[in-house]
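Have a look at the structure below before the remarks.
The values are calculated or read from the model by the stated rules, or taken from the named source; none is laboratory data. Predicted model, so just to flag it, every value in this text is computed and none were measured. Here the Cβ is made from the backbone with ideal geometry for all residues, glycine too, and neighbour counts use every protein chain on show. Remember, those area values only see protein heavy atoms, side chains included, never the ligands or the DNA or RNA. Shrake-Rupley method; radii C 1.70, N 1.55, O 1.52, S 1.80 Å.
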Amino acid sequence: MNNTARNLLAVLAVGATTATASAQVPCGGDFGAWRKAMVEEARAAGVGQAGLRAIGSAQVNPSVLRRDRAQGVFTLDFATFAGKLISQNRMDVGRSKLRQYDSTFQRVRAEFGVAPEVIGAFWGLETDFGGYQGDFNTLNAIATLAHDCRRPELFRPQMIALGELIDLGIVPADITGAWAGEIGQVQVLPEDYLTKGRDGDGDGRIRLKTSSPDAIMTAGNFLQALGWRANQPWLIEVKVPSSMEWSDAGLHTSLPVAEWQGRGVTARSGDLPASADAHLLLPQGRKGPAFLAYPNFRVFLEWNQSLTYVTTAAYFATRLGGAPRFDIGSPEPGLGRDQMKSLQRKLAARGHDVGDIDGILGAGTRGAVRKEQQRLGLPADAWPTARLLNAL
């Protein structure tokens with residue numbers, strides 16, 4: 001670890017201890033009053049004058065809230081979503097980037113045990129390999145989300161961390177990035193920039209917006225910190241029999257690979273690594289694409305909690321590593337967003353916790369669908385269809 005990274009870790013450790021001891025600013029209410037209180041919380045956390053001035057200048061950005069409430073892209077099914085995101089051009093550029101930065105990727109593999117294609121997949125999906133990193137003012141984006149009462153516990157610490165980054169001169173006060181406050185080519189939040197940032201090009205600085213080696217090394221460090229198991233698989237496409245105990249498919253159940261094989265699950269190509277338990281993923285039900293998700297797949301979910309997104313990212317990584325296109329099979333048609341909302345309302349009325357009625361097939365909705373399929377004697381693969389909607 002270089003001196004810059006050590007200094008950043010030390011600064012954050014002191015700031016975090018102080019911030020924990022101080023009163024946290026409640027969300028909502030008058031933004032000016034909230035901002036003033038936020039400055040005082042940052043001061044108590046050890047943020048210096050440059051960072052305090054920046055926090056004191058933050059403004060609400062209504063378009064950030066609109067983005068936060070929308071996220072309609074996550075209503076797409078896996079095959080459609082993956083088809084939109086994994087273009088041939090993105091594949092070609094990804095493979096080119098793996099060759100161009102091979103020495104950096106091999107350092108990541110040696111130090112963190114993370115395969116180059118895994119970082120390449122995130123790099124490509126998050127910013128098109130640095131080509132588009134977002135043009136939202138990061139300070140205003142984070143202030144907006146920290147003041148809002150939907151997820152303040154996530155974004156309030158990011159205000160402190162961004163203040164530290166600005167105060168240390170690591171980033172300018174007017175830095176830009178994604179609408180949710182992520183910065184750089186691999187899109188990390190300020191707190192992760194501080195604690196996981198690595199100097200990959202040896203210039204003594206950590207520049208996640210402009211230095212690809214810095215971004216690559218930081219991504220490897222970040223994934224290891226999330227629990228990445230060195231040199232282990234993450235996702236393998238499989239073939240499933242026409243009938244089996246479908247209710248065990250999903251992230252709620254993990255079985256030894258030998259058990260899945262005993263139930264008729266086989267690798268679509270090559271062999272299945274048998275060294276760990278795995279989940280059987282059926283993102284579009286028993287008739288659609290099928291994958292075994294190994295423990296490292298959970299790390300993808302730590303990066304982003306959308307199952308459709310992370311399955312796409314994990315699959316993209318396998319493609320960059322040489323795997324063939326997945327077999328889409330013949331999945332039963334899914335539900336449109338309005339139909340999904342109707343289903344969620346019906347599930348909630350039956351006592352299931354599906355979270356927000358948002359038309360997005362999240363973990364809560366999948367679990368409720370599985371239970372209702374079992375109750376109704378339908379194949380319990382957690383894939384909602386018009387048949388289930390009508391039955392309810």
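For region 322-358, name all the residues that are crowded, with 16+ Cβ neighbours inside 10 Å and either under 19 Å from A115 (Cα atoms) or of a type in the set (S, T, N, Q) (or both). Within region 322-358, A323, S342, Q344 meet the criteria. Only a single criterion out of (1) farther than 24 Å from G124 by Cβ; (2) touching a strand residue (DSSP E or B) at 6+ places or on another chain (Cβ under 7 Å); (3) of a type outside the set (A, V, I, L, M) is not satisfied by F222, namely (1).
The listed residues are V47, V60, V25, V39, and the only one of them that is part of a loop (DSSP other than H, G, I, E, B), farther than 22 Å from G134 by Cβ and at pLDDT 95 or above turns out to be V47.
As for region 147-159, it holds no residue that is at negative phi, touching a strand residue (DSSP E or B) at 6+ places or on another chain (Cβ under 8 Å) and either in a loop (DSSP other than H, G, I, E, B) or among the hydrophobic types (A, V, I, L, M, F, W, C) (or both). Checked against the criterion of being surrounded by 15 or more Cβ atoms within 10 Å (Cβ to Cβ) and under 30 Å from G124 (Cα atoms), region 366-375 contains one or more residues that satisfy it.
For every residue, the table says whether it meets (1) surrounded by 12 or more Cβ atoms within 10 Å (Cβ to Cβ); (2) farther than 25 Å from R156 by Cα.
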| position | (1), (2) |
| --- | --- |
| A54 | yes, no |
| L65 | yes, no |
| A70 | no, no |
| L85 | yes, yes |
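The requirement of being assigned to a loop (DSSP other than H, G, I, E, B), touching a strand residue (DSSP E or B) at 6+ places or on another chain (Cβ under 8 Å) and aliphatic (A, V, I, L, M) is not satisfied by A317. Of the set (1) at pLDDT below 95; (2) more than 30 Å from V60 (Cβ to Cβ), all apply to W228 but (1).
Here's the yes/no breakdown for (1) polar (S, T, N, Q); (2) over 24 Å from S57 (Cβ atoms); (3) open to solvent by less than 20 Å² (accessible area, probe 1.4 Å):
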| position | (1), (2), (3) |
| --- | --- |
| H147 | no, no, no |
| L154 | no, no, no |
| G169 | no, no, no |
| A173 | no, no, no |
| W179 | no, no, no |
| L194 | no, no, yes |
| S212 | yes, yes, yes |
